[in-house]
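Readers should treat all values here as calculations from the given coordinates under stated rules, not as data from a laboratory. These numbers were taken from a predicted model, which means no experiment stands behind them. Reconstructed Cβ throughout: ideal geometry from the backbone, glycine too, with neighbour counts over all protein chains shown.
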Amino acid sequence: MMRLYNEFRYIMDIDDIAVFVAAQAGGSLASAARQLGITAMAASRKLASLEHELGVRLMHRTTRTVSLTPEGEDFLPLARTMLDAAEEARGILTPTGSSVQGRLRVTAPAAFGRLGIMPLMPSLMREHPELHIELLMSDEVIDLNSAGIDVAIRIAPLRDSELVARPLAVNPRVLCAAPSYLAARAAPQLLSELTEHECLALSNMQYWPFVDGKQERSVRVDGRFVCSSVEGVRTACVQGLGIALLTVWDIQRELSDGTLVSIGLSDVQPQELSIWALLPTRKYVPQRVRVFLDALERSLTDMQVGA
């Protein structure tokens, strides 16, 4: 592995490749410079050096943005693999438990990022002072490869894809409502009774999935309020606007303090979800990703045991 790493550095500079990958992920050389801790001029020179070494133009440049040429699009997957291989080579020779370095880009749903990931940041960054973390908290599904994401945390049924999926923890869903809503309207007892209630749905989730034994069942829900964000649905539920189907991680605090009350149906149960880590299809998983996922998995396990 070290021989390969040294060959990479002889053929082309790994630092130059890092500028290319960072510029594509951030959309500009200025963004790449900030990520790598160098000047914009130095970033420009490194990209030019890489292009000179390869004999092709990899990026179209303007004063503010960059975009890939066809040759750049072809080279990008290999460039990422080379960076990962270089980091893997360093990791093999790094003593176990030593500090990791580099920039970790993570995307996660907003609610889970706030409750599940942010509590890890103080200890993780204290233990690894050369680790830089960029957390994108969004309910939108982001393309990992085009955005240069190292790992995505998803809480949803997985679609078929070329991404590598690693299960982290189970995450049950519950029907819930505010006490004020249930004081005005009796809680539903059967799945069919949900159609008589104000159901607070995500914009892209008009059907709620349930299971009856091993059989899956779903019901189309309707209500006067829909939202593109889980945070918005949870807030509306707390305000007493209706019933919501939310994951346990979203509403742990509200269930504990009584702000929200869980609702059990006698004929079905909400379909259970899992928390997944999705990785780009790469041969090597960078050490910074392994360290982050191990810490997150331990934290989720501790939270479930303490629940």
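What helices in the chain pass both tests, a Cα length along the helix axis of 27 Å or more and a mean Kyte hydropathy of -1.0 or higher, using whole DSSP H runs? For the chain, where a helix must reach 27 Å along its axis and average at least -1.0, the hits are 70-93, 287-306. Computed from point charges on the beta carbon alone (+1 for Lys and Arg, -1 for Asp and Glu), the dipole magnitude for the chain about its Cα centre is near 500 Debye.
Using C-alpha pairs under 8 Å with a sequence gap of at least 6, the mean separation divided by the residue count of segment 173-271 gives a relative contact order of 46 percent.
Take every pair of alpha-carbon atoms less than 8 Å apart whose residues are at least six positions apart; their mean separation over the length of the chain yields a relative contact order of 21 percent. In plain terms, if you count all Cα to Cα distances in the chain and split them into 20 Å steps from zero, the share in each step is 29, 47, 22, 2 percent.
Find how many whole Å separate the alpha carbon centroid of segment 190-229 from the alpha carbon centroid of segment 39-73. Between the Cα centres of segment 39-73 and segment 190-229 lies a distance of 49 Å.
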